[in-house]
Structures are given as C-alpha cells and as structure tokens.
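Novice: Pasting a structure below so you can have a look.
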Protein chains: 2
Amino acid sequence: MALSLADQGKLAKEAAYQTGLLTTEAKNHILKKMSGALTARQDAILQANRKDMEAAGKKNIPASLLDRLMLNPGRIEDMSEGLLTVMSLPDPVGQVESMWTGAQEIQIGKIRVPLGVIGIIYESRPNVTADAAGLCLKTGNAVILRGGADAFLSNQAIATVLSEAAVEAGAPIGAVQLVQDPGRESARELMRMKEYLDVLIPRGGAGLIREVVENSTVPVIETGTGNCHIYIDAGADLEMGKSIILNAKTQRPGVCNAAETLLVHQSEAEAFLPGAAEALEAAGVELRGCPRVRQILPHIKEASEADYEQEFLDLILAIKVVDSLEDAMAHIRRYGTRHSESIITRDYRNARIFLKEVDAACVYVNASTRFTDGFQFGFGAEIGISTQKLHARGPMGLNELTTIKYIIYGDGQVRS
Amino acid sequence: MALSLADQGKLAKEAAYQTGLLTTEAKNHILKKMSGALTARQDAILQANRKDMEAAGKKNIPASLLDRLMLNPGRIEDMSEGLLTVMSLPDPVGQVESMWTGAQEIQIGKIRVPLGVIGIIYESRPNVTADAAGLCLKTGNAVILRGGADAFLSNQAIATVLSEAAVEAGAPIGAVQLVQDPGRESARELMRMKEYLDVLIPRGGAGLIREVVENSTVPVIETGTGNCHIYIDAGADLEMGKSIILNAKTQRPGVCNAAETLLVHQSEAEAFLPGAAEALEAAGVELRGCPRVRQILPHIKEASEADYEQEFLDLILAIKVVDSLEDAMAHIRRYGTRHSESIITRDYRNARIFLKEVDAACVYVNASTRFTDGFQFGFGAEIGISTQKLHARGPMGLNELTTIKYIIYGDGQVRS
C-alpha cells in the first residue's frame, strides 16, 4: 500500500459508493468475518503491539497511556466481540423516516443513507481502529483511519487484518483504510481533503480536537471535552447526592462524562459537605473549594478560577457553594462545556427549570453524569460523544453515522 | 449601535439564552409586531432602498441584480406576509422526538431546542433580512445578519425596524442584529467567531459559499450550488419528458433547482430531441450538445467539458446522449453537485435503481427538479437548500434551525 493520501481518499470515495449499496446481510457477513479474523490472526497483532509498547517504554510515556496502548488476548477478544455486537444491531440505512404528500400530490420520502467517507483522527487506543471500522461499515460508509504515532504498528496490524478479511468477505477494496503516515502532516492533509471526505471525527484530547476544528475544511463532528457539574439543590436527598457525586467523580475519572465540579446550595452545605468530603477523600479524590466550602472543610485547598474552567480527567474535584438554583445554572453556563449536567433535587419545579434552561447535550435529574454513553442510552454502540450542536449531539450511535436524502415519486408534475 | 463585531456576538449569545426560553405565544406575538412594523414603517425602508439603488445604478450592476435589490410596497408587503406565515407554523422547540428507558430504568427523552446564535451571510436580496430574522426568532435563536454591501442601507433600515419592533414586543435586545460593516473583513471575522456563533449559513453564489467553507471555524451549513440533471430513460413518456425539462430549465432559470443538463437514452434520442429542442428554443434556451446530439440537432453548439461542470443559472442547457441508465448515473456522479436529480421513466426497476443509487439531496422520478423547495415540500418556510450531508440536507425548514438535547429523569441511579 504505497498510496498517497489523496489516492487513499479517491479510493475511499469509490469504495463508499459500493459500500453504500451493500445489503444488510452482506454487511453483517463482512462484520462476522472481520470479527473472526481478529482472533484468528491475533499473533500478528500482538507482535506489532509489543513493538509499539517497547518504543513507548523508551519514551517515558506515563503508565496510564501505556495501559491504553497495551493489547492482550482479552482485549483483542473484546474488539472481536464488539464487531459481533455491531453486526447484531439494526441497520439504519434504507429506513424511511417519514413519507408525505407535497405540492401537487408529489410523494416525498425521507430515507436514511450513509454519509459517504468518514475520516477518524484518534489517539493512542488501538481498539478504536476496530470499533470505528465496524461502525462505519455497518452504516455503509467507507472509513479512513488516522491513529496516533505511538500505536501505529498496532493499528496497522489491526487495519490489515480487518481490511483483508472485509475484502475477502465481499467489501469493496478501500472501504477500510489506515493512513500510512502517522505524522502531523498527514492529519493536516486529511483535514483539507474536502473533495473525498464527507465528515471528520476527532477522538482524543482537547488539543487534538481544537486543532481539527481550527484547520479542517471537511465538516467536523466535535467530540469530547466534558466539564460536567453535579448540583445539590436545597432540600435534596443528601445520601443520593453523595452516592451520585462519588460515582460521577470516581467510577472512571479519566473520561469526559465524569464530574469535575460539585455545586452545593448554601442551605445544604453544612449538612452535606463533611460526609461527602469524607467519602470522596476515602476514594482518593483531592478536593478544592471556594472560601465558603473551606469554612466547612478548612483542610482542603482553595479552588482557583482555573479549577472551575478545567476538565481534570483525574481524581480532583472543585467544590463551590451557591446561593440558589439560578446561581448554580449561571456557574454552569459560564464554565460548562455543554456536555452533561445533573441536578440532585426533590423539588419538582426546580427539576423542570434545570431540564429546560441548562444548555447541554445531556441534562439530568437525580442521576450520575456517567450515563452519557451510547451503551447506557441503549444505542448498542458509540462512536463518540458530540459536544457540538450540528448533526449529532450527545452519544453518537449508528444513526449519527448516516444522513438522509429525499426520494420523490411523481407522475409528470411540473412546478407552476 | 457602535458595537464591535465581537460585542455583537457577545450580545447575541446572551440574547439567544433568553430567546430560547420564550414561549411559542411570546414568539408569535413578536413576529406579529415585526410584520406590522415593516408595513407601518415602509417609507423609511423604501427611502433607504432608493439610495442603494442609486449607488448601484452608478456602478454598472446588471439589470437582474438591480431587480433583486429593488424594493417596492408590494415586496415589503410580501416580507410582512412572510413573517405572518412563519408565525402560523408549528413551533419545533420543546417537541420531544422520542422518549425511552435506558440502563437501570433511567428515562431518556430527546427534545428539540434552538441552535443558539445563527450567523447568516448573504448577498444582494434585502428580503433575506426579514425572512431569516423571522425564521431564527420563531425557532428561539438569535441571529446575526451580514448582508451584502450593495443592499446595506436597505438591510439596515429593515433590521432596525424589525429589531426595534421585536424588543418592544418582548424580545431580548440583540436577538436580531445586522453587522454594521458590510466589508469583506467583517465577513471573515464572523467566520472565526466560534465562541459566539453556533452555526453559519452562507446564502449566495458559489464564490461566497466556497469562501465561507474554506475560512470558517464556526460550523457551516452549505447551501446552494445545483448542477441538476433530467434523464430521459429508454421507453419514457416523451411528452412528459418534454414538459418536465421545459419546466426544470425555463420556469426560473436563475435558481439552484433548475436543470442544467439533459441526459437522453440513445434509444429515445431521435424521437425526443427534435421536439424538445424546438420547445426549449422557443422558450429562449441556448442548447449545447455532445456529438451524438449534434447528429440530430446539427444547428446547436458543441457542449464542452466545462458545460457539463457548470451551473449556468441561465437559459442555457447542455444535452448528452447516454448508452444506458448506468451511463446516465455515472455522468451524474461525475458532474452533479448532489442537489436534485430526476429520471423520466416508465420502467419500475429503473425507477427503483435511480432512487437507490443516485446520491443527492433530492432524487426524483417523473417530476421536475424545481420542486426542491421548502414550500413545495410542505415545510411552510425555507432558510435555504443544503447540499451538504451533515445536520441538514435538501430544503431546510424550521426543524433544521434547531438541535436536540437529551433530558434524563433518574431516581438516584449511579453507573456500575
């Protein structure tokens, strides 16, 4: 595969046309073969991964990143299972969303079709290669994957196994492709390939996403950054509040739907904060509070403006006492990233106001923000969580990898 | 109003929050007052328009553009009526599209909400100022309008009348704003105002749209370019074919859903072309054909590659004889702009293939491409016709000016 990136784009565009016409049965057959090939050829993948791990080990990469990069038979089995799950999901392509009669009795249908060619730029986790390939293929799209340099050999091995198995099972050549140069320039070039790409989805840290948004002429779906809040309302069930903030902060602190700031109504601060702080600190969380919080918890650090702004993605939590629901919502408007926000309340009216007024992809009453997830929502799959407002918002499943077209049945109508 | 563009953006963002919370009744009341103000204060608008017309007259602007720029009491009445029509349409905001139960019985609803702040960059027609303001307000958005330099005084007069009437009727200050500098720099600045704008919609010629797509960091909805085809299939009803190509080419040649190329199956060329050409030429259309067309119509010019590529937006039609349905679809794939494509056929199977395989916003059987229009589709309004695949495709009505958010009702659920 000594194709230039532009050649890869051209090939993908051609493949997308063919992939878009595959029946659901044909696509499911391909997914099944891809799934089988991952386990059957896992030795080649594990060998490539060992080389990536060795190189990464020499580069002083943090242990958490090394863990994300690492593959073992169990993780390959997970990828393989993931493809079978995608296979079992309903195919959105061809679904007629609605059909009605327009002017002069023309019959108009709105039918779901693939997007075309999807570009995905992602960072270290090699399982994204298999996940994204499966989701794009199921929805009749071609995909160009551009993984990170650290995982390049692993990604290459996975992509080779998958694309060979796919073609053997009847997929067009070029439906699943990996960019062969993991350097910065290839990502930049991909961002300008508007002629061949229909959409670009960056998956990774805030820096990557910003770079794609700033430089891409291809339409982008932004994923990711989540500065999420839990607000404990006046009169809330404080036990419930404690269990939710504990879950939202500590169950998996490194992900975008984890909570980063706790807001507490002034009337509950004294009753709530000591117990909550004890539980959070027992779970290893470092707390940073506003002056009113520190009157109750004098041992914790003061929260700075930067603490309210940042997505810690770590066992750190900012805490602020607010005067009212309005005050809490104003804080969320100012610092939130429109991802996931939750109110803990017993008050019917306040729940209604919070749901209506808070502008975010997912707005919760009495539940952990950690539910913002395609699987938890029941989509059966997830390509990422969109924090933008166009096309897709919140967890993106198979539907979000498709678009619509109108089909119009006439009998000779002309416009008058 | 000596606000900087950034100040206008900030104000719009603030206003959008308030506008998004207005009830349907409140928004309809505002639209009614805006409608009334246009006619009540038409003298100021007409006076401003006369100045624009005088300046344009001195600049050797083509008559067709002068006509687009010109306002009279009838056209102001049309704008005023347009606002009443928008008022009477159902409000998409607050509609729950679906509601279901996710993991652990959390109840998840998908609810329609405003996009936020919409930027619209448009060219000479001043009626866009009123149309866009009405559609954005009805959907709870704030709007920043940036019209062309030729229509600046007209746009300013209209925007002043509308925004004053809106505020008087209860709209937040800043919900409807016009950029006060119609120069190129202001458009460029608007394209980078990602902090304040949620979406940018360019309405105008191909050059404007390309510039916005190339330079914008704000998400863009592309509208416009339509290189549309009519394909006369083997065995088609030739009378129907003639009436459809005549309508699609001549009923309004300057718009994006007009046909630009006629494709004719070889088996129908001799029977179809002479009569069709006569009718088209009688309507003033200049024909340009491939060599096989010119064997039948030797008096017409030869069609060049450029003729197949271009959107004439004029009384010019390229004609090509094709060997088969596949050949016709290959031509459309190569030259089409994914806007509107129509097959004229009696063949059930060919109709099905064309509808399935042609990739365009609107794919027709036996009808004129001129139906690609929000009003003809029954949307009751139109902000433009999207030729991109993300978020909106084809005619955009009120729904396309909204997004969704998820609202989640829990009872203390945490993720396990």
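Novice: Do we find a residue being crowded, with 17+ Cβ neighbours inside 10 Å, within 14 Å of another protein chain (Cβ to nearest Cβ) and modelled with pLDDT of 95 or more anywhere in region B:307-323?
Specialist: Checked against the condition, which is being crowded, with 17+ Cβ neighbours inside 10 Å, within 14 Å of another protein chain (Cβ to nearest Cβ) and modelled with pLDDT of 95 or more, region B:307-323 yields no hits at all.
Novice: Also, I was wondering about something else. Any idea which of A:Y364, A:Y348 is crowded, with 24+ Cβ neighbours inside 10 Å and out of contact with any helix residue (DSSP H, G or I) (no Cβ under 7 Å at 6 or more places or on another chain)?
Specialist: A:Y364
Novice: Here is a further query. Working only within region B:377-391, note down all residues that are within 11 Å of chain A (Cβ to nearest Cβ), over 8 Å from the mean Cα position of the chain (by Cα) and over 16 Å from A:I108 (Cα atoms).
Specialist: Those that are within 11 Å of chain A (Cβ to nearest Cβ), over 8 Å from the mean Cα position of the chain (by Cα) and over 16 Å from A:I108 (Cα atoms): B:Q388, B:K389, B:L390, B:H391.
Novice: For residues that are aliphatic (A, V, I, L, M) and more than 23 Å from A:L22 (Cα to Cα), scanning just region B:335-376, find the one that is nearest to the other protein chains (Cβ to nearest Cβ). Even if it seems obvious, please write down each step before you answer.
Specialist: First, pick out the residues of region B:335-376 that are aliphatic (A, V, I, L, M): B:343-344, B:351, B:353, B:355, B:358, B:360-361, B:363, B:365, B:367.
After this cut, where a residue has to be more than 23 Å from A:L22 (Cα to Cα) as well, the list is B:344, B:367.
On the way: B:I344: 8, B:A367: 3 Å.
My answer is B:A367.
Novice: On to the next question. Looking at (1) touching a helix residue (DSSP H, G or I) at 6+ places or on another chain (Cβ under 6 Å); (2) under 22 Å from A:T39 (Cβ atoms), which is the only condition A:V179 fails?
Specialist: (2)
Novice: Find the strands (runs of 3 or more DSSP E) located wholly in region B:162-273 whose residues include 1 or more that are farther than 30 Å from B:H299 by Cβ and within 26 Å of the chain's Cα centre (by Cα), and list them.
Specialist: Here the list reads B:176-178, B:199-203.
Novice: Looking at region B:381-409 only, could you name the residues that are farther than 21 Å from A:M396 by Cα and not β-branched (V, I, T)?
Specialist: B:A381, B:E382, B:G384, B:S386, B:G394, B:P395, B:M396, B:G397, B:L398
Novice: May I ask you to list the residues in region A:392-416 that are facing chain B (nearest Cβ under 7 Å) and either of a type in the set (V, I, T) or within 18 Å of the chain's Cα centre (by Cα) (or both)?
Specialist: A:R393, A:G394, A:T403, A:I404, A:I407, A:I408, A:V414
Novice: Any residue at all in region A:268-281 that is surrounded by fewer than 21 Cβ atoms within 10 Å (Cβ to Cβ) and under 18 Å from A:C228 (Cβ atoms)?
Specialist: Looking through region A:268-281, none of the residues is surrounded by fewer than 21 Cβ atoms within 10 Å (Cβ to Cβ) and under 18 Å from A:C228 (Cβ atoms).
Novice: Shifting gears a bit: Is it true that B:A103 is within 14 Å of another protein chain (Cβ to nearest Cβ), more than 24 Å from B:L65 (Cα to Cα) and touching a residue at least 60 places away in the same chain (Cβ under 8 Å)?
Specialist: Here the answer is yes, as B:A103 does meet what is asked.
Novice: Still on this structure, I have one more. Since B:P182 meets every condition but one in (1) surrounded by fewer than 20 Cβ atoms within 10 Å (Cβ to Cβ); (2) away from every other protein chain (no Cβ under 14 Å); (3) farther than 22 Å from B:R68 by Cα, which condition does it not meet?
Specialist: Here B:P182 meets the rest and fails (3).
For every residue, the table says whether it meets (1) of a type in the set (A, V, I, L, M); (2) part of a helix (DSSP H, G or I); (3) outside the structural domain of B:L190 (by TED's automatic domain parsing); (4) surrounded by 24 or more Cβ atoms within 10 Å (Cβ to Cβ).
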residue: B:P90; (1), (2), (3), (4): no, no, no, no
residue: B:M99; (1), (2), (3), (4): yes, no, no, no
residue: B:T129; (1), (2), (3), (4): no, yes, no, yes
residue: B:L137; (1), (2), (3), (4): yes, yes, no, yes
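Novice: State all residues of region A:195-213 that are surrounded by fewer than 16 Cβ atoms within 10 Å (Cβ to Cβ) and more than 20 Å from A:A130 (Cα to Cα); if no residue qualifies, say none.
Specialist: Answer for region A:195-213, where residues must be surrounded by fewer than 16 Cβ atoms within 10 Å (Cβ to Cβ) and more than 20 Å from A:A130 (Cα to Cα): A:E195, A:A206, A:G207, A:R210.
Novice: While we're on this one: Quick one: what pairs do we get from region A:45-65, first residue under 21 Å from A:D78 (Cβ atoms), second at pLDDT 90 or above and of a type in the set (S, T, Y), C-beta under 6 Å, 6+ apart or different chains?
Specialist: A:A48/A:S154; A:N49/A:S154; A:D52/A:S154
Novice: Given the residues A:E222, A:E239, which is the only one that is buried (at least 20 other Cβ atoms within 10 Å of the Cβ), within 26 Å of A:V363 (Cβ to Cβ), among the acidic types (D, E) and within 14 Å of chain B (Cβ to nearest Cβ)?
Specialist: On the way: A:E239 fails: buried (at least 20 other Cβ atoms within 10 Å of the Cβ).
None of the other options fit; the residue is A:E222.
Novice: Only one residue in B:R252, B:R288 is crowded, with 18+ Cβ neighbours inside 10 Å and in contact (Cβ under 8 Å) with a residue 24 or more places away in the chain, so which one is that? Can you show your working first?
Specialist: Numbers: B:R252 fails: crowded, with 18+ Cβ neighbours inside 10 Å.
Within the list B:R252, B:R288, the selection yields B:R288.
Novice: In region B:309-332, what count of residues is obtained for those that are hydrophobic (A, V, I, L, M, F, W, C) and assigned to a strand (DSSP E or B)?
Specialist: Residues of region B:309-332 hydrophobic (A, V, I, L, M, F, W, C): B:312-313, B:315-319, B:321-322, B:325, B:328-330, B:332.
Remaining after also requiring assigned to a strand (DSSP E or B): B:316-319, B:321-322.
Going through region B:309-332 one residue at a time, the tally reaches 6.
Novice: Could I ask something else about it? Report yes if A:V176 is of a type outside the set (S, T, N, Q) and crowded, with 23+ Cβ neighbours inside 10 Å, otherwise no. Quick ask: steps written out before the conclusion?
Specialist: Working: of a type outside the set (S, T, N, Q): yes; crowded, with 23+ Cβ neighbours inside 10 Å: yes.
When the stated conditions are applied, A:V176 passes them.
Novice: Next question, about the same structure. Every residue in region B:18-53 that is of a type in the set (V, I, T) and either outside the structural domain of B:V93 (by TED's automatic domain parsing) or surrounded by 21 or more Cβ atoms within 10 Å (Cβ to Cβ) (or both), please.
Specialist: Passing the criteria: B:T19, B:I30, B:I45.
The values are calculated or read from the model by the stated rules, or taken from the named source; none is laboratory data. Predicted model only: the values in this text are computed from it and were never measured. In this analysis, Cβ positions are derived from the backbone assuming ideal geometry, glycine residues included, and neighbour counts consider all displayed protein chains.
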